[in-house]
Structure formats: C-alpha cells, structure tokens
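Take a look at the structure below.
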Amino acid sequence: MKPDEEKTRVTVNIYGTQYKMKGSPDMTPEYIKEIASYVDGKMRTIAGEQTKLDLNRLSVLSALYISNEYFQVKDIQQENEILNVGIQKLESENELYMKQNQEKSEKEERLIEEMSQLKKYQQKLEEDLKDAWQQKEQAKDKSDQIEEKYSKLQDAFHKLKSEYNEWIELAEKELKIE
C-alpha cells in the first residue's frame, strides 16, 4: 500500500478556486472542508474590508490573521495548562485540608466525648462529696449527742461519787460512834 492511498482526498473551494486536498488518515472529508471553509471565510472578510488587495497579498494577510488566531489559541492553551496545574495543586491542597479537617473533627468528637465523661465523673465526685459532707454532718451531730450524753454521764458520775463519798463519811461517822 502506497502512502498516498492512506490519505483522505477531497476537493474544496477557497476564494473561488478549486483545490484537491489530501489529508492524513485521521482527517475526515468533513473536517478538511470545514478548515477550507474557514480559510475562505477569512479571505472574504479581509477582502471585504480591504478591497484593493491582490490575491497574493490577500492570501498572505489571511495567513497572518489565521496565524495570529492560532498563536492566541496556543497562548490560551498554555495559560489553561498553567491554570490546570494550579487547579491540581489547589485540589491537592484541598484534599489535604479536607483530610486535616476530618482529623480535627474526629479529634474534636473524641475531646467532646472525653469532656462528657469528665463531666459525668465530676458530677459523681460532687455527689460523693455531698454524701461525704452529709455523713460528716451526721457524724458531727452524733458526736455532739455523744458528747452531751458523756457530759450528762460525767455529771451523774460526779453526783453519784459525791453521794458515795457522803455515804462513806456518814458510814465512817456511824462506825466511830458506835
């Protein structure tokens, strides 16, 4: 198979002249006609604006306009590539931020749970302290009651001792008298 047999062939009309075009195998006839139509349109637009141009100058000027458009598109593509790199970087940073944010959220949830447990523990300690204070007050009351009873018992003991001593003295007197 010859290299020419693989190429796409089509006849196009550009600015009133027929051209037989050959394109690479990946070019469809429709695509080649679309390109030719674009060149024809550009030439007709320029010819309408500058009526005194001959065909050679019109062709060169059209090629310059089309080249300018190509370079503008190329610049835009380069800017897009730079922007895409920036977007990828931002997406990576965003993923990292989201991961860090998720980790912070999980840590925050753990801290909230720990705080909840600590609050429950604090409430239990406060209840235990309250119970201890109540027990202390009850013990103090019992201690006061015991001290009061002890004081009364001491008074009764002193009174009995005093009566005993009086009886002993009385008994000694009676024994001496007899």
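Condition check ((1) over 34 Å from the mean Cα position of the chain (by Cα); (2) over 30 Å from Gly41 (Cβ atoms); (3) hydrophobic (A, V, I, L, M, F, W, C)) across all residues:
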{"position": "Leu64", "(1), (2), (3)": "yes, no, yes"}
{"position": "Ser67", "(1), (2), (3)": "yes, no, no"}
{"position": "Asn94", "(1), (2), (3)": "no, yes, no"}
{"position": "Lys119", "(1), (2), (3)": "no, yes, no"}
{"position": "Gln134", "(1), (2), (3)": "yes, yes, no"}
{"position": "Phe157", "(1), (2), (3)": "yes, yes, yes"}
{"position": "Asn165", "(1), (2), (3)": "yes, yes, no"}
{"position": "Ile168", "(1), (2), (3)": "yes, yes, yes"}
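Across the stretch 5-30, the qualifying residues are those that are over 20 Å from Val60 (Cβ atoms) and in a loop (DSSP other than H, G, I, E, B), and the one among them that is most open to solvent (accessible area, probe 1.4 Å) is Asp26.
For the stretch 31-48, state whether one or more residues are of a type outside the set (Gly, Ala, Ser), open to solvent by less than 100 Å² (accessible area, probe 1.4 Å) and assigned to a loop (DSSP other than H, G, I, E, B). Checking the stretch 31-48: not a single residue is of a type outside the set (Gly, Ala, Ser), open to solvent by less than 100 Å² (accessible area, probe 1.4 Å) and assigned to a loop (DSSP other than H, G, I, E, B).
Restricting attention to the stretch 49-72, and to residues there that are of a type outside the set (Ser, Thr, Tyr) and open to solvent by less than 70 Å² (accessible area, probe 1.4 Å), which single residue is farthest from Thr8 (Cα to Cα)? Looking at residues that are of a type outside the set (Ser, Thr, Tyr) and open to solvent by less than 70 Å² (accessible area, probe 1.4 Å), I get Leu53. Residue count for the stretch 49-70 under the criterion of being part of a helix (DSSP H, G or I) and basic (Lys, Arg): the result is 1.
The values are calculated or read from the model by the stated rules, or taken from the named source; none is laboratory data. Everything numeric here is computed off the predicted structure, so don't read it as measured data. As a convention, Cβ positions derive from the backbone with ideal geometry for all residues, glycine included, and neighbour counts pool all protein chains shown. The area values use the complete protein model at the heavy-atom level, side chains included, leaving out ligands, DNA and RNA. Shrake-Rupley method; radii C 1.70, N 1.55, O 1.52, S 1.80 Å.
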